[in-house]
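The values are calculated or read from the model by the stated rules, or taken from the named source; none is laboratory data. Nothing here was measured: the structure is a model prediction, and the numbers come from that model. So basically every Cβ, Gly included, is an ideal-geometry build from the backbone, and we count neighbours across all protein chains shown.
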Amino acid sequence: MSLTSRRSFMRTTGAVVAAACVGGKLSAKTVNFPVGLQLYSVRELMAKDFDGTLLKLKGAGIQEVEAAGYYGYSAEDFRGSMDQAGLRCVSAHHPLTALLGHEDELIEYGHKLGLEYIVCPGLRRRDPAATGEMTLDDYRWACGELNRIGEKVKKAGMTFGYHNHESEFGNEGGVVFFDEMMKLCDAKLVIFELDCGWVYAGGADPVAYLKKSPKRFPLLHIKDMVKGADGVVHSPIMGKGKVDNAAIMRAATGLKHYFLEQEEFDGIEPIEAVREDADYMKKLQV
């Protein structure tokens with residue numbers, strides 16, 4: 001390339017970069033993932049009108065879903081209802097108490113349903129008769145069970161994961177439970193579905209986790225959170241809380257799917273809340 005041509009190229013490139021910059025940074029873009037929803041958000045509606053609720057969710061802008069119970073449907077019928085509504089069920093939740101002793105049948109059901117992921121959203125103590133909060137030893141035992149189940153799920157052609165709440169960000173002797181889980185869960189067998197709202201509620205920073213280990217978090221739960229005057233954390237409509245979801249989506253460089261989850265409905269119909277949440281995510285600038 002001649003000096004004249006190189007100068008011309010640099011001027012053109014500089015103009016393009018300058019045009020893309022606003023206030024000294026690259027212009028934002030919208031989230032380029034299908035809008036997902038954790039069906040726990042509309043569990044009461046699903047129990048009353050399964051097929052009708054799915055159709056309403058599609059009309060509200062939802063494209064993918066994560067199951068939270070199968071409502072007595074066979075895998076074939078559940079998948080048929082999803083297809084009829086134009087939705088894709090890519091993941092399903094089963095707590096450890098449901099998985100233990102039943103993982104084979106739940107894995108078979110998930111395979112028939114066409115799931116990509118099976119996710120555990122809750123643990124139990126090592127001694128099922130024990131009361132009180134999980135201890136560090138309980139978490140360590142649970143990680144062994146997650147690895148064992150994860151190997152089975154992997155052999156069935158799916159991926160196993162763990163979904164957090166806020167308690168995992170407590171600690172014992174300075175050891176944060178969630179950090180210990182990330183250490184003990186085999187990355188080849190267990191991924192993490194980071195519930196960013198509950199991370200915030202637990203006093204931790206979801207962005208920091210995503211930046212440190214992005215490939216460990218191919219799934220996210222996206223919600224907003226805010227502390228009320230009584231100190232209790234609540235889940236408002238997206239955009240009305242304190243969670244920086246734009247920063248979360250920028251940091252989630254290993255993301256495959258995300259699922260909105262509306263924990264509460266403060267004087268608004270659930271489907272309308274889902275519609276507002278979906279619209280928020282479609283317009284979110286990252």
Please verify whether Gly231 is at pLDDT below 95 and either assigned to a helix (DSSP H, G or I) or over 23 Å from Arg88 (Cα atoms) (or both), treating the condition exactly as stated. yes
Restricting to segment 90-123, and then to whatever is free of Cβ contacts under 8 Å to residues at least 12 places away in the same chain and small (Gly, Ala, Ser), can you tell me which residue is surrounded by the fewest Cβ atoms within 10 Å (Cβ to Cβ)? Gly101
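Residues are listed down the side, and each one gets a yes or a no for (1) crowded, with 19+ Cβ neighbours inside 10 Å; (2) touching a helix residue (DSSP H, G or I) at 6+ places or on another chain (Cβ under 7 Å); (3) of a type outside the set (Val, Ile, Thr):
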position: Ile191; (1), (2), (3): yes, yes, no
position: Arg216; (1), (2), (3): no, yes, yes
position: His221; (1), (2), (3): yes, yes, yes
position: Ala229; (1), (2), (3): no, no, yes
position: Val232; (1), (2), (3): no, no, no
position: Ile237; (1), (2), (3): yes, yes, no
position: Val243; (1), (2), (3): yes, yes, no
position: Ile248; (1), (2), (3): yes, yes, no
position: Phe265; (1), (2), (3): no, yes, yes
Residues located in segment 139-162, provided they are surrounded by 19 or more Cβ atoms within 10 Å (Cβ to Cβ) and part of a helix (DSSP H, G or I): Tyr139, Ala142, Cys143, Leu146, Ile149, Gly150, Val153
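What residue, of Gln63, Gln38, is closer than 30 Å to Ala251 by Cβ, touching a residue at least 40 places away in the same chain (Cβ under 8 Å) and under 21 Å from the mean Cα position of the chain (by Cα)?
Among Gln63, Gln38, only Gln38 is closer than 30 Å to Ala251 by Cβ, touching a residue at least 40 places away in the same chain (Cβ under 8 Å) and under 21 Å from the mean Cα position of the chain (by Cα).
Among the residues of segment 74-87, write down those that are outside any helix (DSSP H, G or I) and crowded, with 17+ Cβ neighbours inside 10 Å. Talk me through it step by step, then tell me what you get.
Keep residues of segment 74-87 that are outside any helix (DSSP H, G or I), which gives 74, 86-87.
The answer is Leu87, and nothing else.
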Among the numbered conditions (1) modelled with pLDDT under 95; (2) in a strand (DSSP E or B), tell me where Ile191 comes up short. (1)
Looking at this structure, is Phe178 more than 23 Å from Lys256 (Cβ to Cβ) and surrounded by 18 or more Cβ atoms within 10 Å (Cβ to Cβ)? no
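Hey, among Ile237, Ile268, which residue is over 17 Å from the mean Cα position of the chain (by Cα), assigned to a loop (DSSP other than H, G, I, E, B) and of a type in the set (A, V, I, L, M, F, W, C)? First the steps, then the outcome.
Working: Ile237 fails: over 17 Å from the mean Cα position of the chain (by Cα).
Selected residue: Ile268, the only one of Ile237, Ile268 that is over 17 Å from the mean Cα position of the chain (by Cα), assigned to a loop (DSSP other than H, G, I, E, B) and of a type in the set (A, V, I, L, M, F, W, C).
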Suppose we filter segment 40-53 for residues that are closer than 23 Å to Pro95 by Cα and buried (at least 20 other Cβ atoms within 10 Å of the Cβ); how many remain? 3
Return the residues of segment 167-181 that are part of a helix (DSSP H, G or I), over 16 Å from the mean Cα position of the chain (by Cα) and of a type in the set (A, V, I, L, M, F, W, C); say none if nothing qualifies. Phe169, Phe177, Met181
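Every residue, every condition in (1) more than 21 Å from Gln38 (Cβ to Cβ); (2) in contact with a strand residue (DSSP E or B) (Cβ under 6 Å, 6 or more places away or on another chain), yes or no:
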{"site": "Val176", "(1), (2)": "yes, no"}
{"site": "Leu194", "(1), (2)": "no, yes"}
{"site": "Gly203", "(1), (2)": "yes, no"}
{"site": "Gly231", "(1), (2)": "yes, no"}
{"site": "Lys240", "(1), (2)": "no, no"}
{"site": "Leu260", "(1), (2)": "no, yes"}
